[in-house]
1. Can you give me the angle between helix 316-326 and the longest principal axis of the chain, using Cα atoms only, in degrees from 0 to 90, rounded to the nearest 10?
2. Hey, can you find the accessible area per residue of the range 1-101 for me, probe 1.4 Å, expressed in square angstrom?
3. Would you work out which of GLY78, LEU22, TRP321 lies farthest towards the positive end of the dipole of the chain, given +1 charges on the beta-carbon of Lys and Arg and -1 on that of Asp and Glu, about the Cα centre?
4. Give, as a single signed number, the net charge of other residues whose beta carbon lies under 14 Å from the beta carbon of CYS96, with Lys and Arg counted +1 and Asp and Glu -1.
5. Here are some pairs, LYS118/LYS148; LYS219/LYS282; LYS182/LYS282; LYS86/LYS120; LYS64/LYS86; LYS151/LYS324; which of them have Cα atoms lying more than 29 Å apart in this structure?
6. How much area per residue is accessible in the range 192-281 when the probe is 1.4 Å and only protein heavy atoms are counted (Å²)?
7. If I model a spin label as a point 7 Å beyond the Cα along the Cα-Cβ vector, how far apart are those points for SER273 and CYS153 in nm?
8. Can you send over the carbon and sulfur percentage of the accessible area for the chain, probe radius 1.4 Å, protein chains only?
Amino acid sequence: MSPLLFSLFLNDLNDELGGGLLINGKRIRVLLYADDIALISDSPVGLQYMINNLERYCEMWNLKVNLDKSKIMVFRNGGKLAGCEKWTFKNEQIECVNRYKYLGVVLTPTLNFEAHLKEKSDKAKLAVNLAWRGLLNSDNIDFTAKCKWFKACARAVLCYGAQVWGYRQYDTVEKFQRFFIKKVFSLPINTPNYMLFIETELSPLFEYCLRLHYNYITKVMEMKEGRLPRFLVEEVIKKRVFWFKDWRKLCNDIGISYNDNINWSNKFKKILSGLGIIHRDKFLQDAQAGHFHSLYRSLNLQLGENNYIKRNNCDLWVMRWVFKARGELIDLNYKPWVSDRNYTCSMYIDRA
């Protein structure tokens, strides 16, 4: 009964607040999710007006606001808050912050998701380290099973909220997957990125995040007329801003024609497929252009079914040595990136 009663109490809150943000004739005042209430305003005066109305509403229905968890964030490109940008609830000042977690997503005044991704990356690394001794470092568990764990436990944490930010590629996200591959195969920190993806045949996480984002937008587009998410999606497409701007650029890069009135759900598979081909070709080009690993580019870089990493009968320690041997990554005092090639092999024994 509790959620139902709470919804009944807040049913007319939107009408009582006033103020809000006007977008193409539609006024947006508040975002409601469970017991979270987020007021939205386009001016300091307007926001205080809405807070005053919220105060009266709470007094009328005997509701309480937890000011310890209530914060204000001013979205702006930079600079300090003006002197008038202070707000109070029942004569108590509400704290203004530059970082706030809303529904699990860390928000900042500039709407930059780096802070959010950094937090998720740290938690995902903790998960990898906790599973290292019993699972990831085991020779008896093949790499395919380790990848399944990675997708279910680590990637799920890292890519939380990708429906919102997944339209753009972030190095913080890609760096985590590279960290996972290097850790599993005990590779040097300076192992080339292209080598990691060519040998494992994994894809950049951007492809996965983009798929989550596309699926979410497609779902929103199928909502009924008048729903706020669909209204905002249509406005983004109409004004060609935000994620839709990145969509158009991505289509141009892949060579797929676009149209504002197109049924995007039919194009998503082609976009993702084309993106996968671009990434694969880029890795192969980088391998051919590599200056420090000249022997690697002379190898067969498209193993397919003969890929040693995909063989379930191959122990992890064998994979590690094959990987290092193919990539000139075995530490025998040979440094392909050092110009002075006068070195002595670590296995050389002087019997003189």
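1. Rounded to the nearest ten degrees, it is 70.
2. 70
3. Checked the options; the winner is TRP321.
4. Values: positive: LYS71, ARG76, LYS80, LYS86, ARG99; negative: GLU85, GLU92, GLU95.
Surrounding charge for CYS96 is +2.
5. Details: LYS118/LYS148 23 Å; LYS219/LYS282 32 Å; LYS182/LYS282 20 Å; LYS86/LYS120 31 Å; LYS64/LYS86 21 Å; LYS151/LYS324 25 Å.
Those over the limit are LYS219/LYS282; LYS86/LYS120.
6. On the way: 4810 Å² over 90 residues.
That works out to 53 Å² for each residue.
7. Roughly 3.5 nm, to one decimal.
8. Using a 1.4 Å probe with all protein chains present, the chain comes out at 52 percent carbon and sulfur.
The values are calculated or read from the model by the stated rules, or taken from the named source; none is laboratory data. Source: prediction; values computed, not measured. In this analysis, Cβ positions are derived from the backbone assuming ideal geometry, glycine residues included, and neighbour counts consider all displayed protein chains. When the accessible area is computed, the model is the full protein with side chains, heavy atoms only, and any ligands, DNA or RNA have been set aside. Shrake-Rupley method; radii C 1.70, N 1.55, O 1.52, S 1.80 Å.
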